[in-house]
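Here is the structure we will look at, set down as structure tokens.
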Amino acid sequence: MKPDIPSGVQHILQTLADAGFEAHLVGGCVRDLLRGVEPHDWDICTSARPEETEACFAGHRIIETGLKHGTVTVLEESEPCEVTTYRTEGPYSDSRRPDYVEFVSSLEADLARRDFTMNAIAMDLAGNVSDPFGGREDIQAGLLRCVGEPARRFREDGLRIMRALRFGAALGCTIEAETARAIHENRHMLRHVAAERINLELCRLLEGGRVGDILRQYPDVLCEFWPELGPLITLEQNTPWHCWGGWEHTVRAVEAAPADRILRLTMLLHDIGKPGCKSTDENGIDHFCGHPAVGAELADRMLRTLKFDNRTRERVVTLVKHHDVQLPPQDRVVRRWLNRLGPEAFFQLLEVKRADGMGQSRALVKDRLTQLDEMRAQAEAIIAQGQCFSQKDLAINGRDVIAAGVAPGPEVGRVLNALFERVLSGEIPNEREALRRLL
Ligand code: ATP
Ligand code: MG
């Protein structure tokens, strides 16, 4: 098969070959080509040493990405392409980069250091495939399998555990039995992995189309970095609203949310406060009073542990905190929440509430889901009509208040606030004359 490769990448492969070196596409791009998916980046492995690679591309823009580790990035027709010398790896004692790498002359040795069989396939310009570990067969069968002995590979580098779950969720493949067992048994290796790296893989996992299957099968792995999930995983909830336990409900809510990082993270954490707030009444019905606020605090801590950026953390915490609010579909309620959260977060909150409802007893939440649709339509209309839901949109300002005889100072703000409240509640229209008369 002659692969469909961008001309810039072809040029790099050809240049290396013309200089007498072996050069192959490798890793994710080959995997994706074989799956019939368009690759999003292109990696090349070569027998050329880094300085030889640099010499080959003397006329190009290059970045010495990781010279010590054998990687040179060549910028060709805007397509950045990583060219890496065949190598084997020493241990990863910092769980970021191997302690040392050793350049080798055989392609097969380079493929042997790679994590999964489907990522350990090389392909040259003519489409000749090198596949010493049966990666093509595993792709065919939809199996994610370690190269070599799984337990050893996960002990070398704990990040591979999260990569396995991410590939399982994103590509929808089954994790092969021995690989799966080694993941469970070596999950503690994640303690040695930098938070930022876990964070990245977790987000890609959550955005995957098969996220539910992975969350159901590997909750123990998530508990390694987020032990706070433990009590939620075993939580039973005996309420008319819920036909599922805490974890199954959470998983269903994650699946029901759009494949968006913020929304999926929110659904994963939305009920994290429940175990700590559980009480059972005389009829045996469970209640979880105050769980959104408690959950927001826990979520904040958990997101800090994984070093999420402030914007992501603050947004998820806000959504967790408000996920359970009652939203009667009335214009004044919509305006008030648009004011409190801003339009973006408000629309996200509607998505969160929908996903939450989808994970509950279906018959009981049907009306609530319809209400959410109404609410979205109302909010869109309010925004389209330019209705006032933020104080800066009020038709009068501080100068008008002072002109009406209020002494400059804090009283001006108080008056503006009071007027804004009446506009929000729909008592008076946001019109200059009406507001002035009231003043
Ligand atoms: P994608 O780019 O879609 O995330 P990918 O498989 O290309 O998937 P990269 O992180 O770009 O993932 O890594 C490129 C290749 O390097 C992988 O396909 C794999 O062969 C190898 N690799 C990456 N990380 C590891 C690791 N931690 N252990 C072993 N091999 C790895
Ligand atoms: Mg890649």
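Please report the net charge: other residues with Cβ closer than 12 Å to the Cβ of Glu108, K and R +1, D and E -1.
Values: positive: Arg113, Arg114; negative: Glu22, Asp110, Asp131.
Result for the local shell: -1.
Quick check: the distance between the Cα centres of the range 168-192 and the range 306-346, to the nearest angstrom?
Computed from Cα coordinates, the inter-centre distance equals 35 Å.
Stokes-Einstein D for the range 202-294 at 4 °C, 1.567 mPa s, Kirkwood Rh over Cα pairs, in µm²/s? Show your work: numbers first, answer last.
Values: Rh = 13.7 Å.
In µm²/s, the coefficient is 95.
Within 10 Å, Cβ to Cβ, of Leu16, how many net charges do the neighbouring residues add up to if Lys/Arg are +1 and Asp/Glu are -1? Kindly include the intermediate steps, with their values, before the conclusion.
Working: positive: none; negative: Asp18, Glu22, Glu52.
Around Leu16, the charge tally is -3.
How large is the accessible surface per residue of the chain, computed with a 1.4 Å probe and reported in Å² as a whole number? Intermediate results must be reported in sequence, preceding the final value.
Details: 20390 Å² over 439 residues.
Ligands and nucleic acids excluded, the figure is 46 Å² per residue.
What is the local net charge at Gly142, summed over the other residues whose Cβ is closer than 14 Å to its Cβ (Lys, Arg +1; Asp, Glu -1)?
Local net charge: +1.
What whole number of Å gives the distance from the Cα centroid of the range 385-420 to the Cα centroid of the range 17-41?
63
Can you work out the FRET efficiency for the pair Thr88 and Cys223, with r the C-beta to C-beta distance and R0 = 25 Å, to the nearest 0.05? Show your work: numbers first, answer last.
Values: r = 33 Å, r/R0 = 1.32.
Efficiency for this residue pair is about 0.15.
When the helix-only estimate is applied to the chain (DSSP H runs of n ≥ 4, each -39,500 (n - 2.57), divided by the residue count), what is the mean residue ellipticity at 222 nm, nearest 500 deg cm²/dmol?
Working: 22 runs with 225 residues, N = 439.
Computed ellipticity for the chain at 222 nm equals -15000 deg cm²/dmol.
Going by average Cβ density within 10 Å per residue, which order do the peptides 243-250, 20-27 take, highest to lowest?
Working: 243-250: 19.2, 20-27: 21.4.
Ranking, from highest mean packing down: 20-27, 243-250.
Can you find, among Ser425, Leu369, Ala403, the residue sitting farthest towards the positive end of the charge dipole of the range 356-434, where Lys and Arg contribute +1 and Asp and Glu -1 at Cβ?
Leu369
Sequence neighbours fewer than 8 away in the same chain don't count; with that in mind, list the lysines whose C-alpha is under 30 Å from Lys274.
Excluding near neighbours in sequence, the set is Lys307, Lys321, Lys353, Lys366.
The values are calculated or read from the model by the stated rules, or taken from the named source; none is laboratory data. Fair warning: this is a prediction, and the values are worked out from it, not measured in the lab. All Cβ positions, even for glycine, are placed from backbone atoms using ideal geometry, and neighbour counts span all protein chains on display. Just so you know, the surface numbers come from the protein's heavy atoms only, side chains and all, with ligands and any DNA or RNA stripped out. Shrake-Rupley method; radii C 1.70, N 1.55, O 1.52, S 1.80 Å.
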